Structure formats: structure tokens, C-alpha cells
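Only the coordinates and a few stated rules stand behind these numbers; no lab work does. In this text the structure is predicted, and so the values were computed from the model without any measurement. Counting neighbours? That spans all protein chains shown, and the Cβs are built from the backbone with ideal geometry, glycine included.
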Amino acid sequence: MHWHGDLELEETKPTGKAGTYVRRLWPFFRPYLSRVIAAGALLLLTAGLGLAGPVLLKRAIDVDIGRNDLRGLTVTSLIYLGIQLVLLVAGYFQQVWLALVGERGAADLKQALFRHVLDLPMSFFDKTPAGKLISRVESDTEAVKMLFTRTSVVLLQSGLMLLGMSIIMGVASLRLFLLVLVLLPPFVVAFWVFQKKVRPVYIQVRRTVAETNNVVSEALKGLPVIQVFCQQRRFAQRMDDLNRLKYKHELKATILWHAVWMLVDFGEVLGMGLVLGVGGAWALKGQITIGTLFLFVSYITRLFGPLRAISDQINVMQRAFASAERTFQVLDQTPEPAGMPVNEPFRLKQAIACENLNFAYDGENFVLKDVSLVVRKGEKVALVGETGGGKTSVVNLLMKFYQAQSGNIRCDSEDLSTMDKHRLRSAVGFVPQEVVMFPGSLLDNLRLFDDSISREQVVEAARRARIHEAITRFPQGYDTVLTEGGANFSLGERQLLAFARALVRDPEILILDEATSSVDPHTEHLIQEGLEELLKGRTAIIVAHRLATIRMADRVLVVHKGHIAEQGTHDELLAHEGIYSRLYRLQYVGEAA
Amino acid sequence: MKDEVRMTNDEVRTQKGGSLRIVFDFWRERPGWAIGLIGGTIVVTAISMVFPYLLRMIIDGIKRGTTQPQLVRYVLYLVGFGFLRVVGEVLLPFSRGRINELYQWKVRSSVFRRVLDMGHTFSAKYPTGDVMERLDHDMGELSWFACSGLFRFAAAGFTVLFALIIMVRMNPFLTLITVLPIGLGVLVWVRLGPLVYSWFMKWRAKISEINNQLEAAFTGIRLVKSYSMEEEIGRKFRATLDERVGVAMGEARTEAKIHIMYMGIAEVATLLVLWVGGVQVVRAHLTLGQFVAFNAYILMLIGPMFDIGNLFVSGRRAQGAAERIDSLRQHPPEVLPPTRPLQPVSGELRLNRVSFSYGSRVVLADAELAFAPGRKVGIAGTVGSGKSTIFRLLFRTADPQQGSVTLSGQDVRQLDIDAYRKLFGYAPQEATLFSDTVKDNILFGRENVTDEQLRAVVAGAELAEDVAGFPKGLGEMLGERGTRLSGGQKERVAIARALVGRPPVVVLDDATSALDAETEKELVNRMINQLPGVTVIIVSHRLSVLSVCDWVYVLDAGKVKEQGKHDDLLAKQGLYWKLYQRQLITEELEKL
């Protein structure tokens, strides 16, 4: 699915007008306006001076050498040297400045996209795979960057070169120039035809590549089945067929490319022949000078380069616009409602109360039906029930990750739906089931990159979470840089790290989604201790799986098929032969096994 | 974990230097092509040398005031050779490009063929995305180098050689003076080239750092939001972006320097021709035609000089790509074919005191299981009790570290692998279907299956109704671009595949989990009745299904804890009974 999806995206044609894209992208590059202008000026300068070489050579041939004027030759050479020096220095800065503008602008765009994405509602993340988002932030912005650093430069430079060369040739010998001009139209037409032909071939190539990736992915996933049924040869054959197909398409594209190049080169040779033949005859008659002849020969080899560059950039531009469009699609998503900002931090005085919550992630299949519950300040409530029963959905609503279709949640008298999301969340310590580690040091991972939290605070929290010793095991201690996803910690240890994260903030309310994975007895013991430490003096809502955790709760709510089916203390619920007693037996039988 | 790291290091050590053999092997098999390309390169290079020479003749001719027909003749020569040159200069890169693609085709196919025989250690080491990346991007980089990179270098060498010879013969002094800056340029390039490479690597490292940050933020979005980390990780991201701008600018500056040098050298050389050559023309040591031709030869030299320098940069990058591709090829396979393969003889399948561990994690310890012909055997056990590993050993996609698997008393390691595996029909836990028709997914390579047999199998797997509902029936395309099946449909296609061709042993690894308890039991029951004489091995997370079995093994922590008939096991009130109780409660809860 992944590959297929990306393929579709790659083929999206931009729908808007070029101006629209540039106008929306411009703000990201505007801060660097002075650099853009400077680079533009240098561009004009270099394009202009770049044409001077053949002119000076013409002068050297006709005037200096022609009249045996050694001093004149030296002067011409010095002018040439001077111009080239300016050209080189200007060229260097033009290139570097434009790169700077492009890189900075792209970085700003990436940053804006990233920050925007982080503020989007959870529902957006549910339907957009992380891989796709990464390529929006990374690859698409790079494609957009090319628009500013490459496309615009090439178009401007090539255009100027063509214009400049035309003028100089026209001035040197209008007759000869008109002769050369006759050659151009067929080539422009040929280019145009080529563009039309090569695009579908490239789409074919990309399709085959996607198909190849699909075979690789299917085969790797189905490797055991393929091997048991001895079908390796068949898949190898399929791969080989696809590779042959790709080869064929690539060959087609290559033939088209080379045909066009051949045409261009033929044009060059023809032009050369025309200039030297006809121009040479005129030169013999003394109607034009040898220097002019030389000038034309030099320019003809330079004439087709810019033409080719322009046609290349038209392709690049199409792709960049498609990327820009995808970028805007993300930027145009509405962020989750922030709520009314209040400066004063939230403190729970009485209770969190949910009333008649009805909630469906997709708006159709309700996972919570008429759920009401109250958690009083200081109370520890455990949510238990089977997977898919709705426990996590309750937590999702409490954290304001989603908005219920009906019903409301109040913290004391404040309605959660209008409450500032940061104000709510900063009062809550959230321990999710899956412990995510960010690239960076352990210290930063525990304080979650909040520099206002001191190292001492972090160490203290880690001690209380019973993970300090495991951390000091590493030679770098808290400065250990985590390898991929924190793979250097066991599952149990990662739970303890998550506890430490919550303890660092010392939140008033704790929401804990307990991990289901079983751990060794020693870690189990540490988790028990850490959990007690974590719950001390806090209002807590725990999605509980382990009996020991459930026993720590003041009250147990059984969430079953979207309802709160039972509630009471562990003992009360056990006495009543209902869902909880069955869940308990399930657990008990399982643990005994 | 540590073992893996060490292994990678060893790999790198053993492969260093020899990593480009994946390129040289290709050419060793095609010496004719290599010779042809070299020959073509020489001819084309030689032809391109003619152009400045003719230019010289024309200009000198005009200068001397030659006749019009003479001029026309030279111009026609020029156009003629020009066309020849164009044809050659297009055909040569075209042939190179074609061979690049061919190389990609052949090597990708051959590496993939090896991958298809790999087992679980390979899958653990190389995630799917990684393999795709290696077979796609790395392959692209390597294939360019394999032909274009190498032969462009050759072409550049010949151009430099030929042009130098001609220039020296025309005017050694001027040659020396004008070639000097180009030579100097090559020296600088040799110094800057590695710098470009190192900037490139730094840049790539920054990109992967950014990708890691993005991935962590997006997959951990719940945490980000719940701790209001948006600002903090936004700042961190900004800092990394700034570092990346720094690296990118380092690269841009180096590239700009090289670019400027490239232009500068061209211009200095032109300037030297202009001034020194001009003086010589004035002093009549050089004709005007020679002067112009010299200029043309100098311009001809500059590109190739950089192709030569570039070989070192692209060569190093290609080496990296080659290593990454070759390591897929060189991964040791799980099982080796016997040197003298025997044909399997149907009979009792046995696991004789087998032990197996993944690294330090022991999954089977001294397990003893027997599957007599025609028997229906169930396997039950807790999660991670070693069930899937038993299948790996049975199918010989892995060999036990201790003990043996035998068929009719013959160690399966002695048997012809394909012939042995063909004894099995297998429906895995997660129904694996491929982008193909329903029919091909069921037949999956089994030959000599009549339409009638196929229909029977489809009916047996209770798939007939679904197939009738597809617009193209059995010819319906499945997968990415085809019909998407429901979980239950997928499972039944996979079951049909396991049954087709009536293999002597059918393995159903929890293959019916998408069905509800009642339907599953009925389906398995009917299926078993249709398979007299066939050994059936069933794993199901619903133990009631195993009541149809003649014998049940109960696994716990890699050992056979209990065995017997379903009813007897229940009566024992041991592990099997406990597992059964758990399941009854789950079913009760489902109904509440």
C-alpha cells in the first residue's frame, strides 16, 4: 500500500497556477530578500560577462593579431583576465548566496511544516502514516527548494545568455545570425515533441519501480510460504521479468534522450557548417572578418546548452509544483482547537467528571456509549476490561486528543472543550503504553528537552522511579545517547523510564496506560515500587492490566463494549459474579499457566 | 545485540577492498563488451580530434585566400566528420547507459534470487524497507559507476592522451604552458574531491538525523502532545536544521570552489592561448588556424580532466553501495542443501530432542514430537512456547542446533530440500497472499491439478461462494491493485492453497482465527474428514478445535509439557485445562 500510495502522489499533476505557488512560498524566502537581490545582480553580471570571452577573442584575432599589434594583444589579454577574475569571484558568491537562500528558506519551510503538523489533531495522525509525513517535511520541501536555487537561476541565466548571444551575433553580422536563426524552429518543435513523448515513459519506469518494490516487499513478508511451497524460482522469474520491463522502458527513455541530443548535436554541426561554409565564403570576399567567424563558431556551441537547460527545468518545475501542492495540503489542515489561553496553571480542586460521553473515531462506529464517570481529587481509579473495550478511548478524551460527539468532560467547573490544551496537559502526567524514545541523550529524554529542568531533578526522579541504577550502568550515565528507539533498555526498564518522565514534572494528575508486556520478577518488583512512588499523593486514572496495580486503586471501573459495566472496589467486584470476576479469573488462570 | 554489531564489523573487514568485485564479476563474464566499449571509445575520441584540425585548415585557408571550392571541400569534411562524431558521441553514452541498466537488471535479479533463500536471521537483520532501499537506490548508484563511471574515465583518458599528442606535435611550448594550469587543477581536485565526499557523507548523516527526529515525533505524537513538548522538540528540530544548513553550505562552498576552478582553469588556459599563442601568431611561429585549433583542444581537455578526478569520488560512493548490496548476497543461509541429496520416502515425521535458540533466547529445549502418517495432531501452548519454531524445523527453513528432524528415520538434512518441502501444504498464521489471481494464489506452483480438483479444494476451504461473487471468479486479481479480501476470505484462500494437490502433510498454523468459534470448529472438522490418510498438524488459539485431533501436544517454554487426547488432557486438569478455561472465560466475556 505504501508504495502504491507514493506512486499516486508522485504522479499528481499540479492543479494551480505557477503564480499561486510562488506567492505562497515567497514568505519563506522573503527574509533573505537582500541576498536574493544581490545574487540576482551577480547573476546578471555573470551572464553578461560570460558572453565577453568570444568577443574579446574576436577582437584579438581581427584587431591585435591581424595588425600584429603586440601591445594591443597584451591589453586585450589583460582585459580578458580582469573580466574573468570578476566573473569567477561573482560566480562564486552568486552560487553560494543562492544556496544559502535556498537552504535557509527550505529550513524555514520544514520548520513551519513540522510545527504545524505537531499541532494537528490526533485524527490526522490516525489516517496519515508517519512515513508519508516525513516525506512531506523532507523530500517535498527539497523539491520546492530547487525551484528557488536551481530552476529560477537556470531559467534566468539561460534566457539572458540566449538574448545576449543573439544581440552580439546580430551586431557582429546580422546576415550570418539570420542564417543561424533558421535552424532554431525545427529544434524547438523537436524539443516539444520529445517532452510529450518522454513523460509517459518515465511514468512507466516509475510504475515498474513501484511494482518491483511491491514484489520485494511481498516476497520478503511471505518468505516462509514461498520457501515451503518451493516457489523461489517463480518469484525470481517475476522479479527478472519486471527488471527486464524496467530495462525496456529505461532503454526507451534513453533512446529518446539520445535522439534529442543527437538532433541538437547535428544542429550544432549543421550550424557550424553553415557558418563556416557561407560565412567562410563571405570572409574570403572580405565581407566579414575571421574574428567574426570565430565568434559565431564559439557561440553556436553555446547556443544549444541553454535551450537544453531550459527544457530540463520545465520538468523540474512541474515536479516542484506538485511537491508544493502537497506541502500546502498539509499546511492547510486545521490544527486542533487550542482552547482559551489562561495564564494561571490548572489546579484540580474537586473532581474530573465525564457525563454521557458518546464517541466514535470515525463518526460512525461508537466505541464509547453513554459513559459517565467521576474521579475525585486524590482518588486512584483503575479502568479494566478487555482489549478494544474502550479504556484507551476514555484516556484519549481526557487528554483532549479527540473530541467526543456528545457529552462533556469537566475539570471542576471548567469545560474541557474550551480549556487551553497546554494548560490541561501540563497538569497531567501521561504514561503511555508504548514508551517512545527520542533521538538524543537519556537526560533530555527524561526531561523531554525542557532545559528549565535541572539534572538534579532528573536524577531524583529517576531514583524514585527505580531506574537510576540501570542508568548508571552505562559509562556515560545520563548523557548516554540512545540508540534506535531506546533499544539499549529492556521493555521493563523502558516502563520505568516512562515513570521517571512523569515524576520529573511532578504532575497533579496522573494518567497511566499500563504496558501489558510481561517482565522478569526483578523488574516487576521495581515497577511495583516505582508505581507506588508515582501514585503517591496524586489523582490517578490507570488503564490497568496487572492485578497488583488494580489492588492499588481506590475504585475499579470495568469498561466493557463501550460502557462502564461495573464499578466498585476489587473485593466488591469479585464478590459479584460479573465481568470483573471473569477478567480476574482469566488473569489468574493465565498467570498460573 | 552485541553479536550482531561484531558480525557487521567482521563483514566490513572481510569485504573491504574486494567490495567492487560485484562490478568486476559482471565484466569478467562479458569480455567482448568491455573490448567493444574500449574500441568504440578510442574510435569516437579519435574522430572528435579531427574537428579542431579541420577548423584550423579552414581558417588558415581563408587567411591564405584559398579558393571557394577548396573551402567548400573543407567545410564538407567538417560537416561529414561532425556527423560521424555526433553519431559516435551519442552511441557511446547510449551504450554505456544501456549497459548500466542491464547491469542493474542482472545484478538485482541475482541478488534477489539469493534473498529468496534466506531465513529468519536475514529477516531479523534486514527490514523490508532496508532491502528495498538497497535494491533500488544503492543499485542505481552502483550501476552508474559499473559502466558509465568506469568508461567515462576511460574516454577521458583517451581524450587527454590524443589531444596532448596532437598539441605537442603542433607546438610543444604552447602545450606545456597551457596544460600546466589544467594539471594544477587536477591536483587541486584530488585534494578537494575527498572533501566533497566527506561533506556529502556529513550531509547524509544530517538528513538521517532529521528523519529520525521526524519519525520519533510523529510516532510518539501522543507523548509530544501530552507533555506539551511541541515547543521543545520544535526548537531541537530547528537546531538540527541549522546544523544541516551549515553542512549543506559547506558542501555548496566546496562545490562552488570546484565549479569556479573548473571555469577558471578553462579561462586561464584560453587566456594563455590568447596571449602566448597570439604573440606567436604575430611572430609567425604559429598560424591563425593553429591558434584557433589550440583553443578548441584546450576546451576539449577540461571536461575529461574532471571526469578523471571524479572517478575517485564516485568510486568511493559506489564502493559503499556495492558493500551494502553485496552484504545481502553474502548473508549466510539458514540451511544448506545436502551434498548428496536423497529422495524423501513418506513415513513418520519426528522431532528428536530438538533444541533451538535465537541468540541467547532458548525457544525449544529437548522437544520431542512425532507425526505418524495420516494422524491429526494438535499443538497447543502459551504465547512464545515455541510453536512457530517447530514449523521452521519441520519445513527445514531452519535446522535445530541440537537433535534432529527425521522422516521415516532419515535425517531431513540429507534430503533434497525441494522434494522434501513439497510434501507439505501450509497455511500460516497470518494469511499471506500475493498480487496475483485467486487461482494462482491457490495453485501456487502445484502442478497437475485438474479443474475438478481445484473446484473441490475451493469448496473444501468454503471459498466457493466468495469466488462466485468475484467478477472474474478464480481469475480475479488480488493484492495492491486488485480486490482486497476480508481477513476471513484471505484465510480461506490460504487454506485452499494448503490443501491443493493433496500434499501428504497439511499444516494449519492458527489459520482460521478470523472465524468465530463455532464456524471454525465446523470447518476444521469437515476438512479433516475430507483428508483421510493425510497427516494434519493444527495449531489453534481456540483449544476446542483441537478436540478433533488424534493427539495433542501442549508446549510450555520450549518443552512438551503434556500430551494426549483432548478429553484426557482436560481430565488431567493441568496446563491444557487451564488454557482451556481461560478460553471459555474469554468466550463468555465476548457474549456479555
Do the alpha carbons of any pairs in A:LYS380/A:LYS400; A:LYS377/A:LYS400; B:LYS206/B:LYS236; A:LYS58/B:LYS63; A:LYS127/B:LYS202 sit beyond 24 Å of each other, and which pairs? A:LYS127/B:LYS202
Listed with the fewest Cβ neighbours within 10 Å leading, A:ARG494, A:ARG376 appear as A:ARG376, A:ARG494
Taking N as the residue count of the stretch B:370-524, its alpha carbon Rg divided by 2.2 N^0.38 Å gives 1.10
Loop-only check: which GluC sites (Glu not before Pro) in the stretch A:341-424 are DSSP coil with at most 16 other Cβ within 10 angstrom? A:GLU364, A:GLU379
Cα atoms only, the stretch A:174-287: Rg and Dmax in Å? 25.1, 86
Burial-style ranking of A:197-207, A:92-102, average other-beta-carbon count within 10 Å with highest first, yields A:92-102, A:197-207
Place the peptides B:79-90, B:183-194, B:259-270 in order of packing, highest mean first, counting for every residue the other Cβ atoms within 10 Å and averaging per peptide. B:259-270, B:79-90, B:183-194
Determine, for A:PHE229, B:PHE173, the number of other Cβ atoms within 10 Å of each Cβ, and report the residues in order from fewest to most. B:PHE173, A:PHE229
When ranked by the protection proxy of mean other Cβ atoms within 10 Å per residue, highest first, what sequence do the peptides B:41-51, B:450-460 form? B:41-51, B:450-460
Rank these for me by crowding, B:ILE59, B:ILE38, going from fewest to most other beta carbons within 10 Å. B:ILE38, B:ILE59
Give me a single rounded figure for B:206-217: the average over its residues of other chain Cβ atoms within 10 Å of their Cβ. 6
How big is the dipole moment of the protein assembly as shown about its Cα centre under a simple scheme where the beta carbon of each Lys and Arg is +1, that of each Asp and Glu is -1, and everything else is neutral? Debye, nearest 20, please. 4580 debye
So what is the relative contact order of the stretch A:351-592, in percent, for Cα pairs below 8 Å that sit 6 or more residues apart? 27 percent
For a quick check of your reading of the filter: which trypsin sites (Lys or Arg not before Pro) in the stretch B:266-337 sit in a DSSP loop and have no more than 15 other Cβ atoms within 10 Å? B:ARG283
Could you tell me which of A:ILE453, A:LEU531, A:ALA470 has its Cα farthest along the dipole of the stretch A:439-571 towards the positive end, charges placed at Cβ (Lys, Arg +1; Asp, Glu -1), taken about the Cα centre? A:LEU531
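Would you calculate a helix-derived [θ] at 222 nm for chain B, using -39,500 (n - 2.57) for each DSSP H run of n ≥ 4 and dividing by the full residue count, to the nearest 500?
The helix-only estimate for chain B comes to -21000 deg cm²/dmol at 222 nm.
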Placing +1 on the Cβ of each Lys and Arg and -1 on the Cβ of each Asp and Glu in chain B, which of B:VAL179, B:GLY487, B:LEU299 has its Cα farthest towards the positive end of the resulting dipole? B:VAL179
Could you give log10 I(q)/I(0) at q = 0.15 Å⁻¹ for the stretch A:103-151, computed by the Debye formula over C-alpha point scatterers of equal weight, without solvent? -0.42
Within a Cβ distance under 13 Å of B:HIS566, other residues only, what is the Lys/Arg minus Asp/Glu net charge? +1
Normalise the Debye intensity by I(0) for the protein assembly as shown, one equal point scatterer per Cα, no solvent, then take log10 at q = 0.06, 0.07, 0.08 Å⁻¹ and round to two decimals. -0.67, -0.87, -1.05
Where Rh is the Kirkwood radius over Cα pairs, Rg/Rh for the stretch A:63-192: 1.24
Over all directions, the stretch B:536-592 yields a Cα convex hull whose mean projected area in nm² is 4.2 nm²
Cα to Cα, under 13 Å, and not fewer than 8 places away if on the same chain: which aspartates and glutamates meet these conditions relative to B:LYS561? B:ASP366, B:GLU368
Inter-chain shielding metric for A:83-94, i.e. average beta-carbon neighbours from other chains within 10 angstrom, reads 3
Give the cross-link partners of A:LYS17 among the lysines, using a straight C-alpha distance below 26 Å as the criterion and excluding same-chain residues fewer than 8 apart. A:LYS110, A:LYS132, A:LYS145, A:LYS196, A:LYS197
Out of A:GLY440, A:LEU174, B:ILE210, whose Cα points farthest toward the positive end of the dipole of the protein assembly as shown (charges: +1 Lys, Arg; -1 Asp, Glu; placed on Cβ)? A:LEU174
How big is the charge dipole of the stretch A:351-592 about its Cα centre, in debye rounded to the nearest 20, if each Lys and Arg gets +1 on its Cβ and each Asp and Glu gets -1 on its Cβ? 180 debye
Taking Rh as the Kirkwood radius, which is the inverse of the mean 1/r over Cα pairs, what is the Rg/Rh value for the stretch A:351-592? 0.98
Expected integer from the mean partner chain Cβ neighbour count at 10 Å over A:397-409 is 1
If you wrap a convex hull around the C-alpha atoms of the stretch B:432-503 and split its volume per residue, what is the figure in Å³? 79 Å³
With only Lys, Arg, Asp and Glu charged, each at its Cβ (+1 for the first two, -1 for the last two), find how big the charge dipole of chain A is about the Cα centre; round to the nearest 20 debye. 2560 debye
Volume per residue that the Cα convex hull of the stretch A:260-302 spans, once the total is divided by residue count, Å³: 41 Å³
What ratio of Cα Rg to 2.2 N^0.38 Å holds for chain B? 1.43
Translational diffusion coefficient of chain A at 10 °C, 1.306 mPa s, Stokes-Einstein with Kirkwood Rh over Cα pairs, in µm²/s as a whole number. 52 µm²/s
Filtered hits (aspartates and glutamates, Cα-Cα < 18 Å from A:LYS369, offset >= 8 within chain) -> A:GLU355, A:GLU386, A:GLU566, B:GLU590
